[in-house]
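The values are calculated or read from the model by the stated rules, or taken from the named source; none is laboratory data. Quantities reported herein were computed from a predicted structural model and do not represent experimental measurements. Note: ideal-geometry Cβ built from the backbone for every residue, glycine included; neighbour counts use all protein chains shown. Areas reflect the complete protein model, heavy atoms only, side chains present, ligands, DNA and RNA absent. Shrake-Rupley method; radii C 1.70, N 1.55, O 1.52, S 1.80 Å.
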Amino acid sequence: PAGSNTASVSFTTTVSDNVDAPASFTPVFTAGGSAIPSPHIFPVGVTTVTVTANDDTAGNTPDPITFTVTVTDGEDPVFAGVPSNISQSTDAGLNTAVVTFTAPTATDNVDGSITPVLVSSPTAGLTSGDAFPLGVTTLTYTATDAAGNVQTASFTVTIGDTEKPVIAALSNITTPTA
């Protein structure tokens, strides 16, 4: 199930004999030395299940068999705290702006907390607290769990120019006519 690190698995089998009817046998499923019911909740990974059954009326004991149940992690990590798109004006007198934000976090149903990695930015290495250039910068983070499931999240930082141009002051000019 989504968000879980286990899976419910059902199983059944029959026992046949050359003399006794199948209904006279009771298969017993065990994992890790303990009897388990069907369905059973299995964790992520491989679990070996052993099947035994009672003796036939002649006292013959059936050979146990084994099978494996493999539960895989097919669920992508989930992001939290992805910043909303950020729009900001340039810092006074500059064509850039220092932008701060909290980097996103991620969790996984099996691995727990995962630290996302910044994988792309038009200007390599820009992160919170850096001076972002004029225009739009898209920051893309990935979170990868131990099973190789990947999730991405992106947001943009837009830096606009809202500073008025400044005309250099001139001294008053006094001059005679020619």
Might you report the magnitude of the Cβ-based charge dipole of the chain about its Cα centre, with Lys and Arg at +1 and Asp and Glu at -1, to the nearest 20 debye? 880 debye
Determine the equivalent ellipsoid of the stretch 73-122 by diagonalising the alpha-carbon gyration tensor, then write out the semi-axes as square roots of 5 times the eigenvalues, largest first, rounded to whole Å. 32, 10, 8
Counting only heavy atoms of the protein chains, get the accessible area per residue of the stretch 1-43 (1.4 Å probe) and round it to a whole Å² value. 64 Å²
I need the fraction of alpha carbon pairs in the stretch 65-157 separated by more than 17 Å, rounded to a whole percent. 56 percent
Which one of Val28, Thr175, Thr68 is farthest out on the positive end of the charge dipole of the chain, using unit charges on Cβ (Lys, Arg +1; Asp, Glu -1) and the Cα centre as origin? Thr175
Segment Thr107-Asn54, length gained on full extension (0.36 nm per residue, minus Cα span): 14.5 nm
Quickly rank 135-145, 168-178 as a protection proxy: mean count of other C-beta atoms within 10 Å, highest first. 135-145, 168-178
Dividing the mean separation of Cα pairs under 8 Å (6+ apart) by the residue count of the chain yields a relative contact order in percent of 18 percent
Report ³J(HN,Hα) in whole Hz for each residue of the stretch 66-83, in order, from the Karplus equation J = 6.51 cos²θ - 1.76 cosθ + 1.60 where θ = phi - 60°; Gly and Pro get x. 10, 9, 10, 10, 10, 9, 10, 8, x, 9, 5, x, 10, 7, 9, x, 6, x
Using only alpha carbons, build the gyration tensor for the chain and give me the equivalent ellipsoid semi-axes, biggest first, whole Å. 74, 10, 10
Carbon and sulfur atoms: what percent of the 1.4 Å accessible area of the chain do they account for? 55 percent
Surface accessible to a 1.4 Å probe, per residue, for the residues of the stretch 96-159, Å²: 46 Å²
